Amino acid sequence: MDQRARERLGERIRPDGGVVLLTVECQQGVVGPESALPELAAVARASGALRNVARLVAAAHEADVQVIHAVAERRPDGRGANSNARLFRAAARLPVQQHSGSTAVRIAEPIQVAEEDLVVRRLHGLSPLAGTDVDPLLRNLGCRTLIVSGVSANVAVPNAVFDAVNLGYTVVVPGDAIAGVPADYTPAMIRHTLALVATITTTDEILACWKLPRRSRSAGSTAGAGSTGASRTAGTAATSGEAVSRG
């Protein structure tokens, strides 16, 4: 990425500029050791994508960037779940089920979930955004730019990107923080599809952009930020424009 592109990226993802990090289906039953989709889990780990999602989340916490975790789950009785595509019918027969309240729908290590993170769970469909609470939450948070990470590059990630673009958000995709199967499908999806509608970058480039505002805050450029906790509280209030319940 050249200097001009790096500056444009930095402006889009400024921590105080309305940016939110979305992790997609980074749950134990999808990318964990006991995954229902072992090939996808293996690729997510071997490629470094899952580790990069964890790095992004940790950096977002430090930079006062809101994190939303989108989780796909299913009631044990299947009530309300889709059955109108082969994918749904196959998922219903898998030995590991993404049942609500089970270990399978907990966020997978090494990703750390902070108290201020939002976790949005859906019981239907393919998209983390369509018909879920994600879009209203983004609007209440004052989001303009959405960083999309996670799995899979086959289905949920492109769904999230397309839906976000259709809803008017600017989308950034760190290509090394998403994964799909087979492994060589992800770069093809990025090059031929996602690059047409989103800014493609890397985890390191995002982290480099987030370090600058943090130094500025530590130098005293953020009024009232007497400590890390106070800065985070002030940043959250400034981003949303009102008190946002995290219940």
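If you average the sequence gap of Cα pairs under 8 Å that are 6 or more apart and divide by the length of the stretch 27-70, what percent do you get for the contact order? Can you show the working numbers first?
On the way: 27 pairs, mean separation 8.5, N = 44.
This gives 19 percent for the stretch 27-70.
Within the stretch 158-196, find all residues whose amide N lies under 14 Å from a label point positioned 7 Å from the Cα of GLU39 along Cα-to-beta-carbon.
Under cut-off, by backbone N: 180-186.
For the chain, with only Lys/Arg (+1) and Asp/Glu (-1) charged at the beta-carbon, what is the dipole magnitude about the Cα centre, in debye rounded to 20?
160 debye
For the chain, what percent of Cα pairs sit more than 27 Å apart?
Details: 10002 of 30381 pairs.
That fraction is 33 percent.
What nm value, rounded to one decimal, do you get for the distance between LEU196 and ARG89 when each label is placed 7 Å out toward the C-beta?
Inter-label distance under the simple model: 3.0 nm.
If you average the sequence gap of Cα pairs under 8 Å that are 6 or more apart and divide by the length of the stretch 25-142, what percent do you get for the contact order?
34 percent
Cα extents of the stretch 42-157 along the three principal axes, largest first, in whole Å?
That works out to 41, 35, 25 Å along the principal axes.
Select from the stretch 11-92 those trypsin sites (Lys or Arg not before Pro) which occupy a DSSP coil region and have at most 14 other Cβ atoms within 10 Å, ordered by residue number. It would help to have the intermediate numbers written out before the result.
Numbers: sites: ARG12, ARG45, ARG51, ARG55, ARG74, ARG79, ARG86, ARG89; in loops: ARG79.
Passing both the DSSP loop test and the Cβ count: ARG79.
If each residue of separation counts as 0.36 nm, what is the full-extension length gain between GLN112 and ALA46 once their alpha-carbon separation is subtracted?
Taking 0.36 nm per residue and subtracting the Cα distance, the gain is 21.8 nm.
Write down Rg/Rh for the stretch 5-64, rounded to two decimals, with Rg from the C-alpha atoms and Rh from the Kirkwood relation over Cα pairs.
Rg/Rh: 1.10.
How high is the relative contact order of the chain, in percent, counting Cα pairs under 8 Å that sit 6 or more residues apart? Present the calculation step by step, with values, prior to reporting the outcome.
Details: 437 pairs, mean separation 64.4, N = 247.
Computed value for the chain: 26 percent relative contact order.
All of the numbers you see were taken from the coordinates with simple rules; none came from a lab. Bear in mind the structure is a predicted one, so any value in this text is a computation, not a measurement. Neighbour counts run over all protein chains shown; Cβ positions are idealised from the backbone, glycine included.
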